[in-house]
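Notes follow the structure.
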Amino acid sequence: MPADFEDDSATDDTALIARFGGHGIDRDSAAHFRGRLERRLLIHRCDDCGRWHHPPRPMCPACWSWNITPTEVSGRGRIHLLMTLHQGPPASGVDYADGHPVVTVELEEQPALRFTSTVADGFPTDRLEIGTPVTLEWVDRDGTPTPVFGLGEDG
Amino acid sequence: MTNRDPMKDQVAIVGLGSTGFTRNGDESPLAMALRAATEAITDAGLTAADIDGVVATSEPAAKGPEEIAAALGITEATHHAKPSPVAMFSLLDAARAVFSGAADNVLIVTPVVMGPWNSRRAAADPWRAGTRSSILPIPEDATKAAAYAAWAGRYIHEHGATKDPFARIAINSRTNAANNPLAAVTEPLSFGMYDAGRMIRDPLNIYDMDLPVDGADAFVLTTAERGREIASAQGREAVLIHAATTGIVGKNDEDQLVGLDRTGQHVVVEQLRRTSDIWIDDIDLFYPYEGFTIITLAWFENVGFCPPGGAEDFLREHWNDDAQRLEISGRVLVNTHGGSLSEGATRGTGHIREAVHQLRGTAGDRQVDGAQSALVTPGGFFFNPQGAFLRRG
């Protein structure tokens, strides 16, 4: 891990915004992105009704509770949406010539609770399809921990 | 949900203006807006002094209603608004202003402007550089435009569909654009060309995506009563907004949408069902949006031409192979102007303009004789599904 990661928990707002600007980070999603710096995938969960929602919002859309806790998920799920980009914004380690997969994963915590990213290097191409079980992994992109998905266990 | 529709047949579309659309534009967004606006006001037989409402879409880089009003020399306006840039947001805003009595003659101006976000040529244009964002987006994003490729993949997976119906939407568009002098691209498209199309976001290729263009449409709306007087004076048919709505589902974040079996398109269709006296067996023309071809397949299914997943069979069965276009039941033409895939990405204003031309009898070489009513369905799955029945009246 690069040296400038050692005190990530102390990253101030300006540095956090600079690092995740392309994601459209705002006050309501700041905790989610701070979690990434610790390699934890935090999804907003309601303390009162227990339901999850994403993208991060300040109030539970199911019960209007404001008691929201960004909570680590298991990282297990199945590919629900899949596309392969042949062009797109430049990004470190992303080669569009071969096609860059983007997967929306339905997380096991709740039906239709989904998180979008790509797959890990070496993901078997014959398993790159809707329905395949996946599990969360972390890679570095330009020094920033980035959540991706590797092949999960069937069952 | 409401069954009330006091606005039914009470508002007329009396003025049309369009710059036509181009991939090589060199005019300012204001210049394009003013060309379309002056044409539409003149087309309605009106002058700037008659316009007391101005609606201008919040298209990136475009001017607001205040600046449009100033540039047109409008005296005063009692309604001005800046709706989101998909056609029916503006059309409904203007219609409701007329119906409520907020204004008598409302101008709608809807420029579309190529930008650094959708065009390399635009990115190299110093006059457009100011619209460039300093924040680089990330590749792993299933929102905005990319969401349609992601859900197209899901549609193919769920229904075992092939790309054949996608190709038919694209080819129909290009065939019809050939007779539209406003269209940006008119070269015919074959199945072979479609299959060889450059893949952009697999499963969608270059022919599945609308064309970024420069240009503007404009409309003038007034009361049905005054619309009939204007139409009569011009020897045309009056065209009325019979039923119109927008619709969303609450859970509409693109990658969180529960499924394609319940989108804003369903909300739109159900609302039109409650309010319209016309339905799909009655219409003479159909204008489904095709910002992405998957949207069009969904509209065919959701308005009820075929069941979910049935677009592939339906489009094949209603395909005129000699003409290389869709003819529903051998009669109802689809996107007679070429739509967003060929005329250009007008966000649906082209569909409304063309429907009005057809219904009032000013569609030139594309005229469908005696067309009485049309269904127009702009918008996609998430934030902007919309629909309207337009009729002669």
Cα radius of gyration and Dmax for the stretch A:76-118 (Å)
12.1, 35
Inter-site label distance for B:Asp321 and B:Asp282 at 7 Å from Cα along Cβ, in nm
3.6
With no solvent and one equal point scatterer placed on each C-alpha of the stretch B:107-219, evaluate the Debye formula and give log10 I(q)/I(0) for q = 0.20 Å⁻¹, two decimals.
-1.25
Whole-Hz couplings from phi, Karplus 6.51/-1.76/1.60, listed for the stretch B:374-391; x for Gly and Pro:
9, 10, 10, 10, x, x, x, 10, 10, 10, 9, x, 8, x, 8, 9, 10, 8
Alpha carbon centroid spacing (whole Å) that separates the stretch B:130-198 from the stretch A:14-83:
32
For peptide A:125-136, what's the mean number of Cβ atoms from other chains within 10 Å of each residue's Cβ?
1
Can you tell me what share of the DSSP beta bridges in the stretch A:74-155 is antiparallel? A percent to the nearest 5 is fine.
95
For the stretch B:276-318, with +1 on Lys and Arg beta carbons and -1 on Asp and Glu, the positive-most of B:Ile278, B:Cys306, B:Tyr289 along the dipole
B:Tyr289
List, largest first, the extents of the alpha carbons of the stretch A:39-104 along their principal axes, each in whole Å.
47, 23, 22
Dimensionless Rg/Rh of the stretch B:264-393 - Kirkwood Rh, Rg from C-alpha atoms:
0.93
Given springs between every Cα pair under 10 Å in a Gaussian network model of chain A, which of A:Thr116, A:Thr132, A:Thr11 has the largest fluctuation?
A:Thr11
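Quick check for me: using +1 on Lys/Arg Cβ and -1 on Asp/Glu Cβ, what's the dipole size of the stretch A:1-72 about its Cα centre, in debye to the nearest 20? All intermediate terms of the calculation are to be shown ahead of the outcome.
Details: 9 positive and 12 negative charges, 78 e Å.
For this selection, approximately 380 debye.
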Share of Cα-Cα pairs in chain B lying beyond 29 Å, as whole percent
39
Cα-Cα P(r), the stretch B:211-342, percent of pairs per 5 Å interval:
2, 8, 14, 18, 18, 17, 13, 7, 3, 1, 0
Residue (of A:Gly21, A:Ile68, A:Gly50) at the positive-pole extreme of the stretch A:1-72, dipole from beta-carbon charges
A:Gly50
No other cysteine beta carbon under 4.7 Å away is the test; run it over the protein assembly as shown and list who passes.
B:Cys306
Pick out which of B:Ala33, B:Ala103, B:Ala87 has the largest mean-square fluctuation in a Gaussian network model of chain B, springs linking Cα atoms closer than 10 Å.
B:Ala103
If you find the alpha carbon centre of the stretch A:124-155 and of the stretch B:287-345, how far apart are they in angstrom?
37
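Looking at the stretch A:1-146, I'd like the Rg to Rh ratio, where Rg is from alpha-carbon atoms and Rh is Kirkwood's inverse mean 1/r. Don't skip to the answer; put the middle values down first.
Working: Rg = 16.1 Å, Rh = 16.6 Å.
So for the stretch A:1-146, dividing Rg by the Kirkwood Rh gives 0.97.
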Residue of A:Asp95, A:Asp126, A:Asp142 that the Gaussian network model of chain A assigns the largest fluctuation, springs spanning Cα pairs under 10 Å
A:Asp126
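Once you charge only the Cβ atoms, +1 for Lys and Arg and -1 for Asp and Glu, what is the size of the charge dipole of chain A about its Cα centre, to the nearest 20 debye?
Details: 14 positive and 25 negative charges, 104 e Å.
Result for chain A is approximately 500 debye, rounded to the nearest 20.
Calculate the dipole size of the stretch A:74-155 relative to its Cα centre from +1 charges on Lys and Arg beta carbons and -1 charges on Asp and Glu beta carbons; express the result in debye to the nearest 20.
Numbers: 5 positive and 13 negative charges, 44 e Å.
In total the dipole reaches around 220 debye.
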Restricting to lysines and to Cα separations under 18 Å from B:Lys144, and discarding same-chain partners fewer than 8 apart, the set is B:Lys251
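Between B:Arg236 and A:Arg78, what FRET efficiency comes out of the Förster formula 1/(1 + (r/R0)^6) with R0 = 51 Å and r the beta carbon distance, rounded to 0.05?
On the way: r = 57 Å, r/R0 = 1.11.
Efficiency for this residue pair is about 0.35.
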Order the peptides B:382-391, B:315-324 from the highest to the lowest mean number of other Cβ atoms within 10 Å of their residues.
B:382-391, B:315-324
Could you quote the convex hull projected area for the stretch A:1-72, Cα atoms only and averaged over all directions, in nm²?
4.9
When you look at the Cβ of every residue in B:252-261, what mean number of other chain Cβ atoms sits within 10 Å?
4
Cα-Cα pairs in the stretch B:39-188 separated by more than 25 Å, as a whole percent of all pairs, come to 53
Let me understand the protein assembly as shown better: what is its radius of gyration from the alpha carbons, and its Dmax, in angstrom?
24.4, 78
Inter-chain shielding of A:75-84 (mean C-beta neighbours from other protein chains, 10 Å cut-off)
5
Quick one: grab Rg to one decimal and Dmax as a whole number for the stretch A:74-155, Cα atoms only, in Å.
12.4, 37
Rg over Rh, two decimals, the stretch B:13-112 (C-alpha only, Kirkwood Rh)
0.94
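Read-outs: derived from the displayed coordinates by stated rules, not from any lab. It should be emphasised that the depicted structure is a prediction, and the values quoted were computed from it without experimental measurement. As a convention, Cβ positions derive from the backbone with ideal geometry for all residues, glycine included, and neighbour counts pool all protein chains shown.
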